4 protein chains.
Amino acid sequence: MDDPKETGRIEAFSDGVFAVAITLLVLNIQVPSPLPPDNNLIRSLFRQWPVYLAFLTSFATIGIMWINHHRLYTHIKRSDNTLMVLNLLLLLIIIFIPFPTALLAQYIFDPNEHQAAAFYSGVFCVMAICFNLLWRYASHENRLLARDADQHAVKAITNQYMFGPLLYLVTFGVAWISGPACIALNLLLAVFFALPGKQLAKQGEGENEAA
Amino acid sequence: MDDPKETGRIEAFSDGVFAVAITLLVLNIQVPSPLPPDNNLIRSLFRQWPVYLAFLTSFATIGIMWINHHRLYTHIKRSDNTLMVLNLLLLLIIIFIPFPTALLAQYIFDPNEHQAAAFYSGVFCVMAICFNLLWRYASHENRLLARDADQHAVKAITNQYMFGPLLYLVTFGVAWISGPACIALNLLLAVFFALPGKQLAKQGEGENEAA
Amino acid sequence: MDDPKETGRIEAFSDGVFAVAITLLVLNIQVPSPLPPDNNLIRSLFRQWPVYLAFLTSFATIGIMWINHHRLYTHIKRSDNTLMVLNLLLLLIIIFIPFPTALLAQYIFDPNEHQAAAFYSGVFCVMAICFNLLWRYASHENRLLARDADQHAVKAITNQYMFGPLLYLVTFGVAWISGPACIALNLLLAVFFALPGKQLAKQGEGENEAA
Amino acid sequence: MDDPKETGRIEAFSDGVFAVAITLLVLNIQVPSPLPPDNNLIRSLFRQWPVYLAFLTSFATIGIMWINHHRLYTHIKRSDNTLMVLNLLLLLIIIFIPFPTALLAQYIFDPNEHQAAAFYSGVFCVMAICFNLLWRYASHENRLLARDADQHAVKAITNQYMFGPLLYLVTFGVAWISGPACIALNLLLAVFFALPGKQLAKQGEGENEAA
């Protein structure tokens, strides 16, 4: 792998990991078995709403990060050993996400709520740092990008990603105030990263331009 | 992703998610461990038949929805940001299906049977709505279809899908009468969606036409 | 899907399902937690050898069936709706295999040993029938094969597969005599199916012929 | 499969298995539920650090082995029946890894620590042997390599892999002295195998040569 290779199999492996990690999230949702005195299943289902909220936020985050990974590899056209290791580092965090999700779901109504939410945001912050490392290594002096890479798009991604760790640091801070607010902010951030960097400038125009 | 891209990697990721979700269904089937007085394993296995029925119905539904997803992407040839998000929304529901399946399997012999079956049908109804959203977005004025898409086939899919949410609403209603009847109807609906829209008109003819 | 399509995405989805099902087998192997008085971990690990044997047999069976699936699709070049449904049926059995495996591992030292082993063999027998259905549908009058399919190879597969259900019926019978013997026979059968039909005639020659 | 075939689908299936096995590792990390008297979640999380260490080492090992698998198949260009079986054998070990990982995590603070660590290293040793078998079968007299395979690179891989089983034998020995030291050495070995054989000679040079 010390010669740049095409990135097809990295993408296939990463797709597999993203797909498994995102699907394993459902294992955190347990069938409510000991029913309360009024024995109403629907009410029991509603009562565990924070489990669904954490499921949704983690799903959105992993899903959007998959879109971002996809987006990076439309520009990254070659691979080397360092890229493979940085890619593995990113996948390590992605794979880990079901754990803080389970933790948050279990402790959201507990005095430990703040610690669980801070841990959750902390993991996302590390994930954002890994995305920056991967992208900066690949895009530095066009190292692994297509030779004719759109410099405008490359720059836009770099700028957008720079804010990632800072924004997740903010949600980390909010965790010490309110757990649910922290989750809600993390959901919003996922939406922010769903927007391609370019679109942040000229939002909405691009959508139909190739139609 | 604000430029239309080819859909190869969306399909690969979706295939992965469908494959994992459908396979995780087996984790809901538990080895019957505390054997009854007559200590007969086969009888214990038979006694949990609703677990197998729910497994089968969810398997058929996810499997057929994968065939449908496949079918849509023989027409959808380009991708944009909105399509990716709508696709993620659909996958969110697919991933969630093992949960209502487990719920139904556990409560089918319980007074809460009706609520569990209604929840199960409700999730399928939302899934059918997501399929409509995805397809209508992609096919509206041929937005993301192949330029030479077969307008007859496109129309046939649109017409067939329109009935999806309504039909699942019927099974939702039946849930309040009988749990097993509701599961059986959901199985029938999976078979309905296995038939391509075109075939609903001129059934059976098409099968060998390219042979 | 009523027009024959290429089989790429069926293969990709099937590969995903095989890969997940084969990997989930490991979840059946539990860490031996309550250590016996002599508190020796290695001995505890040895004591659960039937769990490893069942794991190995199921691994070999799913793995070899993947090779066979692969082999069929080197001949099957087109797809239609019926093929997709038959393929799903086969995947249903593959996905189900972790359940009889867990059952067998748990009951191998129990008086219910015979019933568990018979259930295990029964599932494999159904799997062999599904393989026959898929292959016979696809190969009947060359329906979905490559137009220039090697008729000799096609015939060899048909002949080999014909014996599958019968052979698994034998292991089903053996289950009522001895559980471990039944598992061992199933392992042998996996090896039998690892050999391509052609090689059964002129075994060993073919291996280097293209070198 | 007795004719050499291209290796695309073996790689796809292997990628799937690697991806699922690496992601299942997270299921070993349990939410710490019974909190100690001081009821501090962060402290409870820290207390289970060996679980994270074992998770990290197994992740690194599977991830790096995936890179190595990838690297081998840049040279292996054809497939035959024996290769498929050897590849399955390798996947058997990869799939099994979550089990010794869980074992090690649970027994690291126990008098059985040495046995658990030795078992862990032993599995890695068998994995290294399987890699040698696969590579030696494929590369022997260029059997399944590209006809124009870079003989220098082929030789470098052969030499590097030869040391694998021996090095894991060393970590097996260290297990009887200290469990944590054994895990740390296994992590180092993963890093060793991350370096391509060629780079071990002229380290660092190759990285930018194609830029």
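Computed from the coordinates by the stated procedures, all read-outs in this text should not be read as laboratory data. This one's a predicted model, so the numbers in the text were calculated from it and none came from an experiment. Note that each Cβ is placed from the backbone with ideal geometry, even for glycine, and that neighbours are counted across all protein chains shown.
Taking only C-alpha pairs under 8 Å that are 6+ residues apart, what is the relative contact order of the range D:8-200 in percent?
For the range D:8-200, the relative contact order is 27 percent.
If you filter the range B:12-117 for chymotrypsin sites (Phe, Trp or Tyr not before Pro), then keep DSSP loop positions with at most 14 other Cβ within 10 Å, what is left? Mind showing how you got there, number by number?
On the way: sites: B:PHE13, B:PHE18, B:PHE46, B:TYR52, B:PHE55, B:PHE59, B:TRP66, B:TYR73, B:PHE96, B:TYR107, B:PHE109; in loops: B:PHE109.
When the chymotrypsin sites (Phe, Trp or Tyr not before Pro) of the range B:12-117 are filtered for loop state and at most 14 Cβ neighbours within 10 Å, B:PHE109 remain.
Please determine, in degrees from 0 to 90 and to the nearest 10, the orientation of helix A:8-24 with respect to the longest principal axis defined by the Cα atoms of chain A, where the helix direction is its Cα long axis.
Roughly 10 degrees, rounded to the nearest 10.
Identify which of D:ASN132, D:ASN112, D:ASN40 has the largest mean-square fluctuation in a Gaussian network model of chain D, with springs joining Cα atoms closer than 10 Å.
D:ASN40
Under a Cβ-Cβ cut-off of 12 Å, what is the net charge of the residues other than C:VAL17 that fall near it, where Lys and Arg count +1 and Asp and Glu count -1? Don't skip to the answer; put the middle values down first.
Working: positive: none; negative: B:ASP15, C:GLU11, C:ASP15.
Combined, the nearby Lys, Arg, Asp and Glu give -3.
Given the protein assembly as shown, report the % of alpha carbon pairs whose separation exceeds 55 Å. Spell out each step's value before the answer.
Working: 25763 of 355746 pairs.
Considering the protein assembly as shown, 7 percent of its Cα-Cα pairs are separated by more than 55 Å.
Using a 10 angstrom Cβ neighbour count of at most 13 plus a DSSP loop assignment to flag exposed GluC sites (Glu not before Pro), which longest range of chain D is free of such sites? Don't jump to the answer; show the numbers that get you there.
Working: sites that count: D:GLU6, D:GLU209.
The answer is D:7-208.
Rounded to the nearest 500 deg cm²/dmol, what is the calculated helix-only ellipticity per residue at 222 nm for chain D, with -39500 (n - 2.57) per DSSP H run of length n ≥ 4? Write out the running numbers ahead of the final one.
Working: 9 runs with 150 residues, N = 211.
After summing the helix terms and dividing by residue count, I get -24000 deg cm²/dmol.
If you wrap a convex hull around the Cα atoms of the range D:8-200, how much volume per residue is inside, in Å³? Don't skip to the answer; put the middle values down first.
Numbers: hull volume 21.5 nm³, N = 193.
Hull volume normalised by residue count: 112 Å³.
Treating the beta-carbon of each Lys and Arg as +1 and of each Asp and Glu as -1, no other charges, what is the dipole magnitude of the range D:108-177 about its Cα centre, to the nearest 20 debye? Walk me through the numbers before you get to the answer.
Values: 4 positive and 5 negative charges, 58 e Å.
Value, rounded to 20: 280 debye.
Please list, by residue number, every one of the trypsin sites (Lys or Arg not before Pro) in the range A:104-164 that is coil in DSSP and has at most 15 other beta-carbon atoms within 10 Å.
Working: sites: A:ARG136, A:ARG143, A:ARG147, A:LYS155; in loops: A:ARG143, A:ARG147.
Here the sparse-neighbourhood loop sites are A:ARG147.
Evaluate the charge dipole of the range D:8-200 about its Cα centre and quote only its size in Debye, nearest 20, assuming +1 on the Cβ of each Lys and Arg and -1 on the Cβ of each Asp and Glu.
Details: 11 positive and 9 negative charges, 85 e Å.
That gives the range D:8-200 a dipole magnitude of about 400 debye.
Step by step: find N for the range D:62-175, compute 2.2 N^0.38 Å, then divide the Cα radius of gyration by it. What's the final number? Display every interim value, and only then the final one.
Details: Rg = 16.0 Å, N = 114, 2.2 N^0.38 = 13.3 Å.
Against the compact-globule rule of thumb, the ratio is 1.20.
With label points built 7 Å along Cα→Cβ from the Cα atoms of D:ASN39 and C:ASN142, find their separation and express it in nm.
In this crude spin-label approximation the distance works out to 7.8 nm.
Take the cross-link list B:LYS155/C:LYS77; A:LYS155/B:LYS77; C:LYS77/C:LYS155; B:LYS77/B:LYS155 and give me the ones stretching past 24 Å between alpha-carbons. If you can, show how the numbers build up before the last one.
Details: B:LYS155/C:LYS77 28 Å; A:LYS155/B:LYS77 28 Å; C:LYS77/C:LYS155 17 Å; B:LYS77/B:LYS155 17 Å.
Too far apart for the 24 Å limit: B:LYS155/C:LYS77; A:LYS155/B:LYS77.
Relative to the longest principal axis of the C-alpha atoms of chain D, give the angle of the C-alpha long axis of helix D:98-107, reported between 0 and 90° and rounded to the nearest 10°.
Relative to chain D, helix D:98-107 is tipped by roughly 30 degrees.
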